[in-house]
């Protein structure tokens, strides 16, 4: 595949890093779903499975975008899965990870705005909005978990 002359190398870097993060999220949530099942927390397991599917959809969109630019997708490195001893600790890990995704997509979108890359800005902002939603859901869930244990 050939990159187009108009392909911004920094955008390709953001796409590659995003793919690594999203595939790491798939691995994290899939593992947590299995752990929650072992703990007998079926509702949590179902939630984590759905999150893994959502993050895989993000990875698919990133791959499509890379291919549209003539760039062969390649996730540079998956992160080791971080677990916890209970649901609250899992949520803490997830909130921290989702916050990193939110910050990353903000950075990518800001770069695109500064460089007049409108289509890429829209693309990264869509992912940003979805990750912000995931982050808010997790924060709310943890807050409810804490208030139910008081």
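In the range 95-130, what residues are in a helix (DSSP H, G or I), in contact (Cβ under 8 Å) with a residue 60 or more places away in the chain and either loosely packed, with under 13 Cβ neighbours inside 10 Å or more than 15 Å from the chain's Cα centre (by Cα) (or both)?
Listed by number, the residues that qualify are 111, 112, 120.
Mind checking whether some residue in the range 65-85 is touching a helix residue (DSSP H, G or I) at 6+ places or on another chain (Cβ under 7 Å), in contact (Cβ under 8 Å) with a residue 60 or more places away in the chain, surrounded by 14 or more Cβ atoms within 10 Å (Cβ to Cβ) and assigned to a loop (DSSP other than H, G, I, E, B)?
Yes.
Taking the range 1-47 as the search range and keeping residues that are part of a loop (DSSP other than H, G, I, E, B) and at pLDDT 95 or above, which one is surrounded by the fewest Cβ atoms within 10 Å (Cβ to Cβ)?
Of the residues in the range 1-47, the ones part of a loop (DSSP other than H, G, I, E, B) are 1-8, 39-41.
Those still in the list that are at pLDDT 95 or above too: 39-41.
Values: 39: 14, 40: 8, 41: 18.
Restricting to residues being part of a loop (DSSP other than H, G, I, E, B) and at pLDDT 95 or above, the top hit is 40.
Given the conditions (1) within 19 Å of the chain's Cα centre (by Cα); (2) within 26 Å of residue 12 (Cβ to Cβ), which single one is not true for residue 69?
All conditions are met except number (1).
The values are calculated or read from the model by the stated rules, or taken from the named source; none is laboratory data. No experiment lies behind these values; they were computed from the predicted model shown. Glycine gets a Cβ as well: all are built from the backbone with ideal geometry, and neighbour counts include every protein chain shown.
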